[in-house]
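> Submitted below is the structure of interest, expressed as C-alpha cells.
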Amino acid sequence: MPGVAEAIREAVAPLLPGFTVEVVPELDSTNSELMRRARSGRADPVLLVAQRQTAGRGRLGRVWHAEAGTALTFSLGLPLAPADWSGLSLAVGVALAESLHPRIRLKWPNDLWLHGRKLAGILIETASTGAEPGGARYAVIGAGINLAPPSAEGLATPPAWLGELLPQVQPGQVLLQLAAPLVEALLLFERAGFAAFRARFDDRDALRGNAIVLSDGTAGTAAGTNEQGALLVHTAGAVKTVTSSEVSVRPAA
Ligand code: BTN
C-alpha cells in the first residue's frame, strides 16, 4: 500500500496540516493504539491502518472480529473542537456511505448497511491530551468495513461486504476514496455540528418508517432524527427521543 498511503497523505494534508498515514501488519486495535498515544500526549493527525487486529473493539464493549484480508480496519485520530459532539457518529456514517456507494444505507447510530445487513461499524472515542488548543479533544474515529465475505458464525444475519457492490474492491483504493471526504466531514461537523448532516442522514436512514425494538424493550416505529442526531421513535401515544449511546436498536422481527 505504499503508493496509496502517499496518495492519501497528499489528498488529506492540505485539509489537515501535519497529517500522516501509517499502515502496519498487525495491532491489537487501531482505536486502542491511538487512544494510548493520546493519553501519552501525542495529538497529531494520523490515519492508522492495520492489516490485522488481534483485539478489535466494537460499540458497547463488544468484540469486533475480522479474518485477515477480509476487512479494512483503520482509525483516524485528530484534534477536534465542535461546540456539540452529539451526532458525530452519524456524520461519520454519512461521509463513509456517500464516499463508498449510493446503495449503502445507515442504521442509527453508527452502522453502514447493505441490503439490510451490516457492512461496516464505527467506533468513536475521545481523549484529552492536554496539548490541544481551545478545549479541543483528540478524537479517534475507528471504522471496520467488510470487503470480502466475513464469517457469519454466531450471527443471526450474515454480514454484508463491499465486494457485493464493487467486485474488484481493493483496500487501498477504498481508503483513498474515503479519506479526504471523511476529513472534510469532520471539519464541517466541527464548524456546523450535526445540522449540516441531518438531511444527508435522512436520505440514507435504513430504519425510518420501520418497526424497531430498543435494547430496553421499547418497541415503536423509527421516525428519523432530531437536530442533535437523537433517534426519534413513535411508541404507543408518545414520541421517544433516544440519545443514549448505551442503547442498541434492531428492526422488529
Ligand atoms: C461496531 O460495529 O460496534 C463498531 C466496530 C468498529 C471496528 C473498528 S475496526 C478499526 C477500529 N479499531 C477497533 O478496535 N475498532 C474499530
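> In segment 8-31, is there at least one residue being acidic (D, E), in contact with a helix residue (DSSP H, G or I) (Cβ under 7 Å, 6 or more places away or on another chain) and away from the ligand (no atom under 13 Å from the Cβ)?
no
> Right, next: Do you know which of the residues in segment 50-87 that are aromatic (F, W, Y) and within 7 Å of the ligand (Cβ to nearest atom) is surrounded by the fewest Cβ atoms within 10 Å (Cβ to Cβ)?
Applying the filter and picking the extreme gives W64.
> Residues in segment 49-71: is at least one under 18 Å from L165 (Cα atoms) and in contact with a Ser or Thr (Cβ under 9 Å, 6 or more places away or on another chain)?
Yes, there is a match, as at least one residue in segment 49-71 is under 18 Å from L165 (Cα atoms) and in contact with a Ser or Thr (Cβ under 9 Å, 6 or more places away or on another chain).
> If I filter segment 237-251 for residues that are closer than 15 Å to V92 by Cβ, open to solvent by 20 Å² or more (accessible area, probe 1.4 Å), not basic (K, R) and not assigned by TED's automatic domain parsing to the domain that holds H101, do I get at least one hit? Before you say what the answer is, go through the steps one by one.
If we filter segment 237-251 for residues that are closer than 15 Å to V92 by Cβ, which is where we start, we get 245.
When the remaining residues are screened for being open to solvent by 20 Å² or more (accessible area, probe 1.4 Å), the result is 245.
With the extra rule that they be not basic (K, R), the set shrinks to 245.
In the following step, the residues that additionally are not assigned by TED's automatic domain parsing to the domain that holds H101 were identified as 245.
Yes - at least one qualifying residue is present in segment 237-251.
> Limited to segment 12-36, what total is found for residues that are over 20 Å from the mean Cα position of the chain (by Cα) and surrounded by 14 or more Cβ atoms within 10 Å (Cβ to Cβ)?
1
The values are calculated or read from the model by the stated rules, or taken from the named source; none is laboratory data. Small disclaimer: the values here were computed from a predicted structure and weren't measured. When we count neighbours, we look across all protein chains shown, and the Cβ atoms used for this are built from the backbone with ideal geometry, even at glycine. SASA here: full protein model, heavy atoms, side chains in, ligands and nucleic acids out. Shrake-Rupley method; radii C 1.70, N 1.55, O 1.52, S 1.80 Å.
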